[in-house]
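See structure below.
Each reported figure results from applying straightforward, stated rules to the coordinates on display, with no laboratory input. Note that the structure is predicted; figures quoted are calculated from it, not measured. FYI the Cβ positions are ideal-geometry reconstructions off the backbone, even for glycines, and counts take in every protein chain you see.
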Amino acid sequence: MQRTPPAGIRQPTFGWDRVAATAFSHWALLTLMGCALLSVAKAAPRPEEGKPLQIYFVDVEGGQATLFVTPEGKSLLVDTGWPDSNGRDADRIMAAAKLAGIKQLDFVLLTHYHIDHAGGLTQLAAQIPIEMMIDHGENREPKNAATEEVWEEYQKLLVKEKLNRIVAKAGETLPLEGVEARVISSDGALIEKPLGGAGGKSEGCDVAKQYRPDHTENARSLGVLLTFGKLRILDLGDLTSDKEVQLVCPVNKLGAVDIYIVSHHGSLTSNSPVFLNAIAPRVAIMDNGSAKGGVPSSWDAVKKSPRVEDFWQLHYSDEGGAAHNTEDSFIANPAGPDAGNYLKLSAWPDGNFELFNSRTKQAKHYSPANEMKSSGDF
Ligand SMILES: [Zn+2]
């Protein structure tokens, strides 16, 4: 169902003008007023009341740049897109920051040092103050010239701007206020124990495909699980399938999530079916480009996962064609000239959330999930 975003404002529960027009006696009117005031005082807050957590999925053409802004106005940017193109990606991130009303980035998290994730950092830092950097530590792919250059630029920027830096370890919680940000993966290491509420046995591990270890920066991705009230949001950067299987087999260490930021732009080496079965997202959002990511195997794994309701894409995938793209209203940038449209998710702690497509100007609302059974059931 499509609908416009809720106003987030309590609707008047008492129509004074209508009351004045009725023929009630003075006494009846006072009684009615008393009851009405009582009912206002007792009324449960509307589900979407209050400021939401906002998440902007910035279109960086098959890289990543995802901006989280908490109800208190604290910000976390996960990755900075590509460099060059006259600062295209930095400009698009700045446009999202402006919409979110923030004047600085409290945290910038680099999932890894590939150019489509960390390449845009210097151009971005020239436009907005950054309070704290978060990363997985050393570049582990020094022989890849483009990646090494990104890493060296980052090192220079840390010194030049005197940036604070956290090297995050799997299992730690990041110091973001208002949202719990748990580090799931970092520099190739993964959480060792199941998260609270998780720990069931995953289905299909015995027959799951075996994946060879990935030796690129992708497998080093700094991945986080964000918990906001009842909602769980998973962003693992470009984490590869060999690591995904370790996270859910034989024991599901993550449990089910509500919102899944599709790993690696929906590329071939991520999004294993056994992993998607285990995390069972309700909604998936893929930061693919028209010719980057969005491959049929990733698309199928998401679509076949047991609880998925909708699959949103930043771009129509050329490779996916008619059979492996979601319907038009869930795509920010259809085939054709690129407009840099974004997707935006607004989430409330009670589990309500909605997704807004900046191209269609339509939002879709999602009600809280029924209480989930043990994660092992998925
Ligand atoms: Zn990437």
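Quick rundown of the values:
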read-out	value
Options LEU176, TYR154, CYS205, ranked by Cα towards positive dipole end of the range 140-212, top entry (Cβ charges)	CYS205
Vicinal HN-Hα couplings computed from phi for the range 306-312 (Karplus, 6.51 cos²θ - 1.76 cosθ + 1.60; Hz; Gly/Pro x)	x, 10, 5, 9, 9, 10, 9
For the range 139-155, Karplus couplings with θ = phi - 60° (6.51, -1.76, 1.60), whole Hz, Gly/Pro x	5, 9, 10, x, 7, 7, 4, 5, 5, 4, 5, 4, 4, 5, 4, 4, 4
Percent antiparallel among DSSP beta bridges (both partners in the range 53-377, rounded to 5)	65
